[in-house]
Amino acid sequence: MLIRFAIENFLSFAAPVAFELTQEGAAAPSLVLLQGDSGTGKTNLLRALGFLRNLVLGGTRAGQPIAVTPCKLATGNQPTQLELTIEQSGVRYRYGCQLTRELVEREWLYSQRSNGNTTDEQLIFERARKSPLVPATSVTLGALTGEDREALNLAAYGVRGEQLLLCEALRRSVKLVEPLGLWLRDRLQLLRAEAKIIGIAARCAREPAYRTFLSNLLASAGLGIAEVTLERRPVDPDYFETEEEKQQVVAALTGYADGFVQTHEGEIVAEQHGRFLDLYQCNLRFVVLAADGRRVELTPAELGDGALRLLHLSPLLYGQSAATDEPPVYFIDELERSLQPALVSALLQTHLRLTRASLPKTQLIAVVRSVHAPELPALSACQKWQLQRPSSSAGAQLTRLFDETENRGAGITGLLAD
């Protein structure tokens, strides 16, 4: 779960802005709506999360500047600051960094555990610049012992000035910080406004239940699609131009449990049968019924924008119908893009229905045009925020509109059957 995200001096955010979804000890909301006019910086909030994730997981190249974009409205030469508080495996982590294009000025990581009505916070590491005149940092470790302390010491010794210590620790497989890396890599799902359905055919090949789910989802949405089918063909031995190319593809497919390779002809997946590895090329087809009763198959390129957007958002609902110990956090930009109002309402209400029936809960943060839109009348069980256009050197301002309430008696009708 995302608990808090704070930004300072990044893109349209000049002054400190805190997206604080819960107070101390309270549960984070499962549905958050964020509204704002065009140009207020709604997408930049998602970009800030994406930037931090990429910097932690991908790092920077030696000698290359950090690809940070400070707010041009900010005064002075202040560093960019990002701070993230999340909950993973029952533990809360507070991680933050201050950085310029040349140097990570400060960096910190704490773990938080609930102790009755209070929260105990323990330092894992803190990194700070030694002197304003010296482009170097020193690292202080918390009360760590054994392998954890030794592994973090090695990471601190080897980290470069323009590299995050958390990135270096993850690269060295330091177990103490792995939950935070796992959350950023696998739990945080950032869905841009542009509909992309890359990887869905490969997922249907691995999980037949997901294809069935897509058929039911699109049929119930009233888009005229009766069924989703999967075209699955063995990859011809002569498909690859060289043996080296084939080995690279096999390495990519077998390096991850959900690996696939995107090609112009479809998505290639691998299936292991004992010592043998078979490669298959997969494509989705969408069945519509003609006026004379014929079944006509459409390719993804022949679908309308609404169907593509719904496919793009489908992991949100499927992730909740399939039980997981650590559900994802979805941050969706321009939720209404290419979707009819009734479909937006049904999707959000289905999310609420599914989260009420499950623990732990999938979290959905959605950027919308207005939290008071006609298609959102029954969504009282959510938290609502507003971004205001930057009008001064303070930059964009983020405001909580009103407290979360929950109407447990409201009837919920969704896209999926119970």
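What follows is calculated from the coordinates using simple rules that are stated; it is not laboratory data. Since the structure is predicted, the reported quantities are computational estimates derived from the model, not experimental observations. All Cβ positions, even for glycine, are placed from backbone atoms using ideal geometry, and neighbour counts span all protein chains on display.
Among V134, L316, Q247, whose Cα sits farthest toward the positive end of the charge dipole of the chain (+1 at Cβ of Lys/Arg, -1 at Cβ of Asp/Glu, about the Cα centre)?
It is V134.
Any idea what the dipole of the chain comes to, in debye rounded to 20, about its Cα centre with Lys/Arg Cβ at +1 and Asp/Glu Cβ at -1?
880 debye
Over the Cα atoms of segment 217-357, what Rg and Dmax result, in angstrom?
18.6, 53
Place a label point 7 angstrom from the Cα of E302 along the Cα-to-Cβ direction, then list the residues of segment 244-287 whose backbone nitrogen is under 12 Å away.
Counting backbone N atoms under 12 Å from the label point, the list is 285-287.
Once both labels are modelled 7 Å past Cα along the beta-carbon direction, what's the Q78-R61 spacing in nm?
3.2 nm
Note down the magnitude of the dipole of segment 244-369 about its Cα centre, charges +1 on Lys and Arg C-beta and -1 on Asp and Glu C-beta and zero elsewhere, to the nearest 20 debye.
580 debye
Which residues does the label zone of E121 cover in segment 1-25, counting backbone N under 19 Å from a point 7 Å along Cα→Cβ?
1-8, 16-25
How much length, in nm to one decimal, is gained on full extension between R206 and D186, taken as 0.36 nm per residue of separation minus their Cα-Cα distance?
Answer, rounded to one decimal: 5.4 nm.
Please compute the length gained on full extension between K175 and K196, using 0.36 nm multiplied by the number of residues separating them and subtracting their Cα-Cα distance.
Once the chain is fully extended between K175 and K196, it gains 4.2 nm.
Restricting the calculation to Cα positions, tell me the Rg (one decimal) and the Dmax (whole number) of the chain in Å.
When restricted to the Cα atoms of the chain, Rg and Dmax are 23.5, 79 Å.
If each residue's Cβ is checked for other Cβ atoms within 10 Å, how do H351, H273 rank with the fewest at the top?
H273, H351
Highest mean first, what order results for 195-206, 219-230 on Cβ atoms within 10 Å?
195-206, 219-230
Mind listing the long-range amide H neighbours of G395? Cut-off is under 5 Å, sequence gap 5 or more, other chains count too, H placed in the peptide plane at 1.01 Å from N.
A14, A15
Helix-derived [θ] at 222 nm for the chain: sum -39500 (n - 2.57) over DSSP H runs of at least 4, divide by residue count, nearest 500?
Mean residue ellipticity, 222 nm, calculated: -8000 deg cm²/dmol.
Among Y280, Y256, what is the fewest-to-most ranking by other Cβ atoms within 10 Å?
Going from sparsest to densest Cβ surroundings: Y256, Y280.
Which pairs break 31 Å Cα to Cα here: K42/K196; K42/K246; K196/K246; K246/K361; K196/K384?
The pairs that break the limit, which is 31 Å between Cα atoms, are K42/K246; K246/K361.
Which of D37, D148 has the fewest other C-beta atoms within 10 Å, and how do the rest follow up to the most?
D37, D148
Note the full-extension length gain between L289 and Q247 as 0.36 nm times their separation in residues minus their Cα-Cα distance, in nm to one decimal.
So the extension gain works out to 10.9 nm.
Choose one of Q122, A155, C167: the residue whose Cα lies farthest towards the positive end of the charge dipole of segment 88-206 (beta-carbon charges +1 Lys, Arg; -1 Asp, Glu; about the Cα centre).
The listed residue farthest towards the positive side: C167.
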